[in-house]
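Everything on this sheet refers to the single structure shown next.
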Amino acid sequence: MAFYSQALPSYTIGDTAYEDIPRVCEPYGTTAVVIGGKRAMAAARDYLLDALKDSKIKILDFVWYGGEASFENGDALIENPAVQQADMIFSMGGGKCVDCVKYVCYKLNKPLFALPTIAGTCAPVSSVAVMYYPNGVMKETYQFSHTPPKHVFINTRVIAEAPDVYLWTGMGDTMAKHFETTLAARGRDLAHGDAFGVAAGIQCYKPLVKYGAKALEDCKNNNPSFEVEQICLCNLVTTGMVSNFIDFSLNSCIAHSLFYGFTVLPQIEKNHLHGEVVSYGVLVQLIYDGQYDKLDELYPFYKSVKLPTKLADIEVKFEELGPVIDKTLEVRDIKNAPYEVTAQKLLDSIAELEEYNKTH
């Protein structure tokens with residue numbers, strides 16, 4: 001490799017995090033446009049405007065991102081006069097919003113600042129954007145920016161006031177980061193960035209076990225507590241940093257592949273969330289790989305926060321697993337495992353987890 005560059009975002013976290021925006025953003029200009037989700041902008045708009053009232057930064061407009069992280073929505077935003085005029089762009093919302101805005105900023109070469117209103121994914125911190133067709137089907141094409149957002153403003157009050165289900169599903173997805181990256185990295189000779197990211201991944205599950213149950217309860221009560229802050233850092237920052245450091249081939253493994261397999265079932269798409277189903281896949285992966293000590297460690301935490309531990313929790317019957325397993329083995333992420341993953345052993349691991357639930 002003749003040339004290598006690593007860019008990482010900085011962040012501000014706390015229940016008054018937006019008060020740091022003038023200090024961080026004024027060097028980039030005096031005009032900004034907010035691109036966000038409708039509910040997100042309704043929830044955070046007043047907090048932002050209050051923080052900017054004595055600053056040099058003027059908000060030109062609040063613009064809906066279109067509801068999907070698609071190239072089509074991104075191209076429409078690029079044509080928006082306020083977006084073209086602004087010195088900088090603020091994304092305000094969840095993962096799909098910021099991913100769409102990453103594409104916009106990449107095309108317009110404008111600085112992006114992320115204002116996540118939920119802690120559901122690492123998208124506000126990572127440089128990659130997962131893109132979708134306008135109908136919501138995920139594209140195989142990802143949008144890679146040269147850099148992640150310049151700075152991330154994590155207002156824990158806004159996040160604590162959001163529905164707690166987003167923090168919950170974020171914990172489920174975050175849990176996978178450590179276990180999938182360590183399995184995918186097994187037996188590889190890792191370069192610095194990959195090794196650093198995999199090592200940091202342990203912080204993607206230890207804080208969840210320690211603070212997750214209390215954070216979820218505090219979020220239900222709209223309390224931006226210390227525990228909520230720790231889980232925000234875990235779901236948003238740690239996972240995002242890991243994603244920025246590691247090669248894409250290390251980023252996921254059996255758990256995410258199994259999630260994509262489950263999406264062939266209509267009840268999964270209709271009634272269950274990404275991180276929820278991925279968290280179930282983590283338990284299956286632990287059994288598949290023989291990590292029973294970790295299964296014993298995680299199972300009580302899962303029960304305490306009501307993450308799924310058995311098929312019934314995600315409305316799936318064992319008899320439905322045929323097409324699920326077929327799809328799982330077609331997903332490219334399954335190739336990241338350090339050994340061949342087979343249909344029979346996947347079925348055996350799921351059956352073993354069903355039995356484990358009966359005795360614990």
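The values are calculated or read from the model by the stated rules, or taken from the named source; none is laboratory data. Nothing here was measured: the structure is a model prediction, and the numbers come from that model. Note that we place each Cβ from the backbone using ideal geometry, even for glycine, and neighbour counts take in every protein chain shown.
Here Leu283 passes the criteria (1) touching a Ser or Thr at 6+ places or on another chain (Cβ under 7 Å); (2) buried (at least 22 other Cβ atoms within 10 Å of the Cβ); (3) farther than 17 Å from Gly212 by Cβ except the one numbered (3). All conditions in (1) surrounded by 24 or more Cβ atoms within 10 Å (Cβ to Cβ); (2) assigned to a helix (DSSP H, G or I) hold for Ala43, with the sole exception of (1). Within the range 1-30, being at pLDDT 95 or above, surrounded by fewer than 16 Cβ atoms within 10 Å (Cβ to Cβ) and of a type in the set (Ser, Thr, Tyr) holds for Thr16, Thr30.
Table: residues versus (1) within 18 Å of the chain's Cα centre (by Cα); (2) part of a loop (DSSP other than H, G, I, E, B); (3) surrounded by fewer than 21 Cβ atoms within 10 Å (Cβ to Cβ); (4) among the acidic types (Asp, Glu).
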position	(1), (2), (3), (4)
Lys56	no, yes, yes, no
Asn73	no, no, no, no
Leu77	no, no, no, no
Gln84	no, no, yes, no
Met92	yes, no, no, no
Tyr103	yes, no, no, no
Ile118	yes, yes, no, no
Val125	yes, yes, no, no
Met131	yes, no, no, no
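I'd like the residue in the range 181-194 that is surrounded by fewer than 16 Cβ atoms within 10 Å (Cβ to Cβ) and assigned to a helix (DSSP H, G or I) and, out of all such residues, is farthest from the chain's Cα centre (by Cα). So, considering only residues that are surrounded by fewer than 16 Cβ atoms within 10 Å (Cβ to Cβ) and assigned to a helix (DSSP H, G or I), the one farthest from the chain's Cα centre (by Cα) is His192. For the condition within 28 Å of the chain's Cα centre (by Cα) and without any contact (Cβ under 8 Å) to a residue 12 or more places away in the chain, Ala337 does not qualify. It is to be established whether one or more residues within the range 305-325 are among the hydroxyl-bearing types (Ser, Thr, Tyr) and more than 20 Å from Val165 (Cα to Cα). No; the residues of the range 305-325 include none that is among the hydroxyl-bearing types (Ser, Thr, Tyr) and more than 20 Å from Val165 (Cα to Cα).
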